[in-house]
Amino acid sequence: MQKVSVRLGSNSYNIHIGPGLLAQTGQKLKEIGFSGKLVIITDPTVKRLYGNSLQQSLAGSGFEVLIIEVPEGEEQKSLETAGKLYHELTDVYTERTTPILALGGGVIGDLAGFVAATYMRGVPLIQIPTTLLAQGDSSIGGKVAVNHGQLKNKIGAFYHPRLTISDISTLKTLSTRELSDGLAEIIKHGVIQDREFFSYLEENLAKIKSLDEPVLERVISHSAEIKVGVVEKDELDLGLRNILNYGHTVGHAIETVSELKVWHGEAVAIGMLAEARIANKLGVLDQSETVRLKNLIATAGLPTRLPGLQLEKLIQAMKHDKKILQGKIRFVLPKSIGEVFITEEVSQSIIEQALQDEND
Ligand SMILES: NC(=O)c1ccc[n+]([C@@H]2O[C@H](COP(=O)([O-])OP(=O)(O)OC[C@H]3O[C@@H](n4cnc5c(N)ncnc54)[C@H](O)[C@@H]3O)[C@@H](O)[C@H]2O)c1
């Protein structure tokens, strides 16, 4: 097992990453001082697959468990679902010390995290991510949120868990598409800060895809360490944390215009490549680096091409994105694999060329 420590003063906590950790959850919660009641929020698929083993571990350590199920899907990240959860929680809560365990992918992590952050002005949160996207990225950094109308992830808070348990054995039941989707943000962490990690991913991709446990444990813990390092320096997203948005200016536009048919990681993968091409056209990134990125994205099973979306709609969506400053679109661009910079100085024609260009 790997342990990644998140040092944020009174919000500090540990992330445990390894195989078979669900069975140790009860004991780990006792070790950090919890006892008595707790609430698990999960979805039907994850409950069916992992609900029993988690409940057994918790009951074995003397916890009294209430499990609440939320239907699957991004549309559940809403104030309406949060409202239903508040309602169910009123039957359980007599005191604010009862923790909420978010068992599932990024949707459950964001939704249950938002509920934990707001119910009774905050109750303890434990993240138990079960997708690669959630273990390698979304459960880290304390951003919890719901969507509201056109506002994606904009009703939320910074709220850190007391403990995160990433049981890599749970990844065995993901589909190939879900596994690939989770690799995009992990690749991103290599591009923004760690060239050596990027090379490690290139060399070990076959083992990652075949779910080799030692390799997965190393990849997820290193991905977590990179994100944690950034979050520790800029917890509230006022500066450095922007670099985590590499691939997201174009990526969010693709998600919006495709009406979420293109998944988050897939959209970020296409976005990373388009933004690398922008850097290339600006003369700051060598062509050979773009080719390396394209090869890794393709080998990871992620798309490298725009899925037939209208250019105008994409540019329009980018202009409506939160990363816009005084009418200019803000980009995080690579100088090389392992180093990025932030700029608002990219002309619309370069953006259009980069989106259309598919010949690296
Ligand atoms: N908070 C952040 O910093 C942050 C960062 C990136 C993405 N996100 C959010 O993450 C969400 C996407 O998360 P996701 O990709 O994990 O999707 P998801 O949570 O919708 O999960 C995808 C599907 O996988 C199923 N599933 C989960 N674990 C499984 C397992 N082990 N085996 C089999 N099936 C399993 C779920 O039931 C669900 O149907 C989006 O809402 C996005 O906005 C948040």
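The values are calculated or read from the model by the stated rules, or taken from the named source; none is laboratory data. All figures in this text were calculated on a predicted structure; none of them were measured in a lab. When we count neighbours, we look across all protein chains shown, and the Cβ atoms used for this are built from the backbone with ideal geometry, even at glycine.
Checking the structure you have, find out if any residue of the stretch 93-102 is near the ligand (Cβ under 7 Å from one of its atoms) and under 19 Å from the mean Cα position of the chain (by Cα).
Scanning the stretch 93-102 turns up no residue that is near the ligand (Cβ under 7 Å from one of its atoms) and under 19 Å from the mean Cα position of the chain (by Cα).
Matching residues to (1) touching a Lys or Arg at 6+ places or on another chain (Cβ under 9 Å); (2) assigned to a helix (DSSP H, G or I); (3) of a type in the set (S, T, N, Q):
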| site | (1), (2), (3) |
| --- | --- |
| Y93 | yes, no, no |
| T98 | yes, no, yes |
| D110 | yes, yes, no |
| F114 | yes, yes, no |
| T118 | no, yes, yes |
| I128 | no, no, no |
| A134 | no, yes, no |
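Within the stretch 189-203, track down each residue that is buried (at least 16 other Cβ atoms within 10 Å of the Cβ) and either free of Cβ contacts under 8 Å to residues at least 60 places away in the same chain or of a type in the set (V, I, T) (or both).
Residues satisfying the conditions are H189, V191, I192, F197, Y200.
State the number of residues belonging to the stretch 37-85 that are of a type in the set (K, R) and part of a helix (DSSP H, G or I).
Residues in the stretch 37-85 being of a type in the set (K, R) and part of a helix (DSSP H, G or I): 3 in total.
I want to confirm something. Restricting to the stretch 279-336 and keeping residues that are small (G, A, S) and without any contact (Cβ under 8 Å) to a residue 24 or more places away in the chain, which single residue is farthest from N242 (Cα to Cα)?
Ranking the qualifying residues of the stretch 279-336, first place goes to G308.
To keep it simple, each residue is scored yes or no on (1) in contact with a His (Cβ under 8 Å, 6 or more places away or on another chain); (2) exposed (fewer than 14 other Cβ atoms within 10 Å of the Cβ).
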residue: E266; (1), (2): no, no
residue: Q287; (1), (2): no, yes
residue: T290; (1), (2): no, no
residue: T299; (1), (2): no, no
residue: T304; (1), (2): no, no
residue: P307; (1), (2): no, yes
residue: D321; (1), (2): yes, no
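Go through (1) at pLDDT 95 or above; (2) within 8 Å of the ligand (Cβ to nearest atom) and name the single condition F114 misses.
For F114, the failing item is (2).
Output the residues belonging to the stretch 26-49 that are away from the ligand (no atom under 15 Å from the Cβ) and touching a residue at least 24 places away in the same chain (Cβ under 8 Å). Don't jump to the end; show me each part of the working.
Filtering the stretch 26-49 down to residues away from the ligand (no atom under 15 Å from the Cβ) leaves 26-39.
Result: G26, Q27, K28, L29, K30, I32, F34, S35, G36, K37, L38, V39.
Every residue, every condition in (1) near the ligand (Cβ under 8 Å from one of its atoms); (2) surrounded by 19 or more Cβ atoms within 10 Å (Cβ to Cβ), yes or no:
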position: V123; (1), (2): no, yes
position: T130; (1), (2): yes, yes
position: S139; (1), (2): yes, yes
position: K143; (1), (2): yes, yes
position: H148; (1), (2): no, no
position: K152; (1), (2): yes, no
position: A157; (1), (2): no, no
position: P161; (1), (2): no, yes
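Condition (residue is within 12 Å of the ligand (Cβ to nearest atom), free of Cβ contacts under 8 Å to residues at least 60 places away in the same chain, assigned to a helix (DSSP H, G or I) and within 22 Å of R292 (Cα to Cα)) applied to the stretch 167-188: is it met by at least one residue?
The answer is yes; a qualifying residue exists.
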